[in-house]
Structures are given as C-alpha cells and as structure tokens.
Amino acid sequence: MLQYRNKGGNARVMLEQALELRRQSRARVPAPHVRLVMNDRADLCLAAEFDGVHVGQEDLSAESVRGIIGAGRWLGVSTHNPAQMVEADRSSADYVAIGPIFSTSSKEKADPVVGLEGVRRARGLTRKPLVAIGGITRENAAAVIAAGADSVAVISDLLREPRKSAEEFFRILR
C-alpha cells in the first residue's frame with residue numbers, strides 16, 4: 001500500500017501528482033498488488049481513482065468519508081489512544097492505525113508516543129487490521145509486528161536509501 005500525503009498542497013497540483021503516482025505505480029506493479037491510498041482527501045481519491053482514503057482525527061469522520069467513497073474503497077483511520085481506537089473499531093473503517101509508536105520527525109505536531117505497549121493495547125481493542133505508524137525503522141519493525149501490528153507505515157527510513165531500505169523491510173517483515 002502506498003499513501004499519497006501532501007498536507008499543504010494546492011488541490012490541482014495534488015491531483016496531478018496523484019495521477020502520476022497512479023500511472024507510474026501501475027506501470028511497474030499491476031493492481032491489485034499495489035494499493036494507492038489518498039491521505040485526508042476523499043474528493044482527490046475519487047478524482048485520481050485511488051483505492052482508498054486514510055483520515056486522521058482532525059479530518060472528516062470515517063462515516064462521512066465512507067459516504068463519499070462508497071463501500072468498494074478502503075478506509076483507514078489514525079488513532080492515538082484507546083478511546084479513539086474503540087471509536088475507529090466501531091466505524092466502517094477497513095483498517096486502523098495507531099501511533100506514533102516511536103518519536104518521529106515527519107510530523108510537525110506529533111501526538112504523544114504510545115510505544116510498543118500502545119500497540120499491544122490497541123491490538124486488544126480491535127480485530128481490524130492494525131497499522132503501526134511513527135518512527136518505524138528497519139531496526140524496530142519486527143518488534144512492532146511482534147507487539148501486535150499487522151503492518152507498519154514507514155516514511156523517514158525509506159527516504160534515506162529507498163531501494164536498499166525497501167528490500168530490507170521486505171526481508172525483515174516476510
């Protein structure tokens with residue numbers, strides 16, 4: 001799954017970039033082997049023909065987004081504490097993210113770190129697929145999965161050496 005994330009971009013530019021991401025990703029790996037998810041923007045998800053939307057606590061509610069994207073697209077919701085996790089579990093979200101697991105530099109105003117114990121707690125609150133996010137690296141990914149996450153979201157560790165990092169993540173998480 002690849003998420004297009006652009007918090008401050010112009011909608012027209014974001015759509016152009018999303019369409020290019022779709023074109024390039026599908027040329028290299030045919031659907032359904034790569035799923036494209038739009039961060040925050042249900043409208044751009046539909047316009048770019050992405051596979052889903054991921055929303056945070058400050059975005060439209062899961063049910064509002066579901067009403068826009070329909071039942072056929074994926075919907076993910078970020079959570080940061082047990083109360084949010086319970087609410088997301090009751091929603092029509094297809095998967096739930098928990099984090100930040102570790103300290104992260106990819107967000108300006110990051111929520112408090114939940115740690116591996118937060119992953120364990122979250123796993124006990126939902127049967128939905130659980131995505132761990134925030135500060136995930138090659139060094140700690142296996143521990144996050146062992147704590148109960150079904151998958152991990154990675155930003156910073158992929159940016160340094162994209163090919164090498166991706167290959168190592170695939171090996172570690174296999």
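Just so you know, all these numbers are worked out from the coordinates, no wet-lab data involved. Predicted model only: the values in this text are computed from it and were never measured. Cβ: placed from backbone, ideal geometry, glycine included. Neighbour counts: every protein chain shown.
Rounded to the nearest 500 deg cm²/dmol, what is the calculated helix-only ellipticity per residue at 222 nm for the chain, with -39500 (n - 2.57) per DSSP H run of length n ≥ 4? Write out the running numbers ahead of the final one.
Numbers: 8 runs with 75 residues, N = 174.
After summing the helix terms and dividing by the residues of the chain, the value is -12500 deg cm²/dmol.
D for the range 1-71, whole µm²/s, Stokes-Einstein with Kirkwood Rh over alpha-carbon pairs at 10 °C and 1.306 mPa s: what number? Write out the running numbers ahead of the final one.
Working: Rh = 12.3 Å.
Answer from the Stokes-Einstein relation: 129 µm²/s.
Measuring from centroid to centroid over Cα atoms, what is the spacing of the range 110-174 and the range 32-84 in Å?
The distance from the Cα centre of the range 110-174 to that of the range 32-84 comes to 20 Å.
Could you tell me what % of all Cα pairs in the range 88-132 have separations over 15 Å? Spell out each step's value before the answer.
On the way: 435 of 990 pairs.
I get 44 percent for the Cα pairs in the range 88-132 exceeding 15 Å.
Among I133, S25, V119, flag the residue with its Cα farthest along the positive direction of the charge dipole of the chain, charges on Cβ as +1 for Lys/Arg and -1 for Asp/Glu.
My answer, from the dipole projection, is S25.
So, R0 is 22 Å and r is the distance between the beta-carbons of A27 and S156; what FRET efficiency does that work out to, to 0.05? Walk me through the intermediate numbers first.
Working: r = 26 Å, r/R0 = 1.20.
Once rounded, the FRET efficiency stands at 0.25.
Would you mind giving the three semi-axes, in whole Å and largest first, of the ellipsoid equivalent to the chain according to its Cα gyration tensor?
For the chain, the ellipsoid semi-axes come out as 24, 21, 15 Å.
What fraction of the Cα pairs in the range 99-174, stated in percent, has a spacing above 19 angstrom? It would help to have the intermediate numbers written out before the result.
On the way: 933 of 2850 pairs.
Distances greater than 19 Å cover 33 percent of the Cα pairs.
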